[in-house]
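S.K.: Take a look at this one; I'll ask things after.
Where a number appears in this text, it was derived from the coordinates with a stated rule and is not lab data. None of these values were measured; they are calculated from a predicted model. Note that we place each Cβ from the backbone using ideal geometry, even for glycine, and neighbour counts take in every protein chain shown.
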Amino acid sequence: MPRYPEHLTGEGPINPFPGIKVLERRLGQKIPHQLGSNEGLDMPHQALRAHFGDALAEHVYGYGDAEALGVRQRLSAQQGIPLEHLLVDAGADSLIALAVRTTCEPGVTVIATAGTYPTFGYFAKGAGCRLVEPAYHEAPGVLAPDLEALAAAAHRENARLVYLANPDNPSGHLHSDRAILELREALPDTCWLLLDEAYSDFRDDAPSEFTAKALPGVIRLRTLSKAHGLAGLRIGYAIAEPTVLAMMMKVRIHYAVSTLTLAAAEVVLDHSDEVRQHIKDVKARREQLSRHFHALGADVLPSATNFVGIRLPSADVAGAVHQQLLEEGVLVARLAHPALSNVIRITAVADALVPGRLATLEQAIQAPS
C-alpha cells in the first residue's frame with residue numbers, strides 16, 4: 001500500500017471552515033440568516049453589476065461549496081464515476097500540488113519523465129522532494145514517456161510517487177489503458193501513481209470501464225479547462241478511492257473553487273452537447289493541422305490532445321522559429337526542457353488554420369537541411 005506522510009495518518013488536521021453549503025447539508029435545511037462568516041454579504045456591488053450584470057454579481061457574495069456537490073453530481077452522472085470517488089479543486093495544477101502535499105514529505109523521491117509537464121516538478125521541488133527524471137523514448141514518429149524506465153527508476157530510487165501525463169503533455173502521446181494498468185502493477189507497492197489526464201477528453205479511443213475507475217494506489221486528475229473551455233475560472237477534479245480523497249481533504253484549501261466558477265461549471269456541464277461539439281471540432285482541426293504539416297514533410301508527432309507537436313531538425317531552428325513568430329504576434333509553444341527544445345507545439349484552434357498564420361514555421365520545415 002502506498003504511504004502517506006506520518007503527520008497525516010492521525011485524525012487531524014480537520015478543516016475548520018467547511019462552509020455554509022456543507023453545513024446546510026449536514027443540517028438538512030437552509031440557513032437563510034448568515035450572520036457568522038464575515039463575508040461581504042451586504043456589499044451593494046453597483047460597479048460590478050453595471051459592468052457584468054446582476055446574474056454574475058449574485059455569485060460573488062459568499063464562499064463556494066467546499067464539497068462542490070453540484071459539479072460532482074453532474075460529473076458522476078455523465079461519466080459513471082461514483083460520487084464518493086470525485087474531488088473538485090481549482091484546476092489540474094492545484095490538484096497536482098494537493099496530491100504532492102497529500103503523499104509526500106520533504107526528502108522523498110518522486111519520478112517524472114524529463115521534459116514532461118513541468119508544473120509537477122515545480123511543485124515537487126517546492127515541497128522539498130527529490131526529483132528523478134528518466135528520458136523520453138524517442139523514435140521516428142514517437143516521443144513518449146518510457147513506462148519501463150519510470151517503473152525501474154521507482155524501484156531503484158525507492159520512490160514515493162511517479163507522475164505520468166496521459167495523454168502526454170507536451171508530446172501528445174497516448175498510452176493504452178492496458179499499459180497504464182501494467183505500469184501500476186510494475187511500480188513498488190509503496191509508490192503512488194499520479195495520473196494526469198488533463199487531455200483525456202480528446203482521446204480517439206472509445207471510453208472503457210477503466211475511464212471511470214478509481215484505481216488502488218492511483219490519483220487521477222482531469223480538468224474543465226480544455227474541452228469545457230473554463231481555463232480562466234480554474235476548476236478540475238480528482239478521481240481516487242474515498243480514503244485517498246479524505247486524506248487529500250485534510251490538506252486542501254477550504255474554498256479553493258469560487259462560487260462563480262462552480263456555477264459556471266454547472267451550466268457548462270448541463271449543456272454537454274456543446275462540449276461534445278467542441279471536442280469534435282478540435283479533433284477535426286487537429287487532424288487538419290497534422291495533415292497539412294505532414295504534407296510539407298514535417299516530423300509531426302501523433303496527438304491525442306488539443307494540440308499538435310512538430311519536431312524540428314534542431315533546437316536552434318526551433319528557437320529561431322519561435323522568436324520570429326513572437327515578433328509577428330503569434331504565440332506557439334516551444335518546449336522548455338533541453339532534451340525537447342527542438343519541438344514546437346501548436347494548439348488546434350481555428351486561428352492556427354488561417355493561411356499564412358504559420359508561414360515562418362512552414363518555411364523552416366521546407367528549408368534545405
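S.K.: With the alpha-carbon atoms as the only input, what is the per residue convex hull volume for the stretch 273-366 in Å³?
M.R.: 96
S.K.: Which of the GluC sites (Glu not before Pro) found in the stretch 4-35 are loop residues per DSSP with 15 or fewer other Cβ atoms within 10 Å of their Cβ?
M.R.: The qualifying sites are Glu11.
S.K.: Starting from the Cα of Ser208, step 7 Å along the direction of its Cβ; do the same at Glu11; then give the gap between the two resulting points in nm.
M.R.: That separation, rounded to one decimal, is 4.4 nm.
S.K.: Let me ask another. When the scattering of the stretch 75-231 is computed by the Debye formula from its Cα atoms alone, each counted once and equally, what is log10 I(q)/I(0) at q = 0.09, 0.21 Å⁻¹?
M.R.: Here log10 of I(q) over I(0) equals -0.27, -1.58.
S.K.: So if I take the centroid of the Cα atoms in the stretch 252-323 and the same for the stretch 326-357, what is the distance between those two points in Å?
M.R.: Answer, in whole Å: 12.
S.K.: Loop only per DSSP, at most 14 neighbouring Cβ atoms within 10 Å: give me the trypsin sites (Lys or Arg not before Pro) in the stretch 1-91, ordered by residue number.
M.R.: Filter output for the stretch 1-91: Lys30.
S.K.: Can you show me the helix-derived [θ] at 222 nm for the chain, built from DSSP H runs with n ≥ 4 at -39,500 (n - 2.57) apiece and divided by the number of residues, rounded to the nearest 500.
M.R.: So the calculated ellipticity at 222 nm is -11000 deg cm²/dmol.
S.K.: Could you work out the local net charge near Pro2, counting Lys and Arg as +1, Asp and Glu as -1, over the other residues with Cβ closer than 12 Å to its Cβ?
M.R.: It works out to a net charge of +1.
S.K.: When a/c reaches 1.5 or more, the comparison of a/b and b/c decides; with that in mind, is the stretch 194-277 rounded, prolate or oblate per its Cα gyration tensor?
M.R.: Taking the square roots of the gyration eigenvalues as a ≥ b ≥ c, the stretch 194-277 is oblate.
S.K.: To continue, here is another question. Note down, for the stretch 13-167, the three equivalent ellipsoid semi-axes (square root of 5 times each alpha carbon gyration tensor eigenvalue), biggest first, whole angstrom.
M.R.: 41, 19, 17
S.K.: Taking a quarter of the surface of the Cα convex hull of the stretch 113-196, what do you get in nm²?
M.R.: So the Cα hull casts an average projection of 5.1 nm².
S.K.: Also, quick follow-up: Round to the nearest 10 and give me the degree value, 0 to 90, for the angle of helix 315-327's Cα axis relative to the longest principal axis of the chain.
M.R.: Result, in degrees: 60.
S.K.: Calculate log10 I(q)/I(0) of the chain for q = 0.08 Å⁻¹, where I(q) comes from the Debye formula with a single equal point scatterer on each Cα and nothing for solvent.
M.R.: -0.46
S.K.: Just how far, in whole angstrom, is the stretch 204-232 from the stretch 114-175 if you go by their alpha carbon centroids?
M.R.: 18
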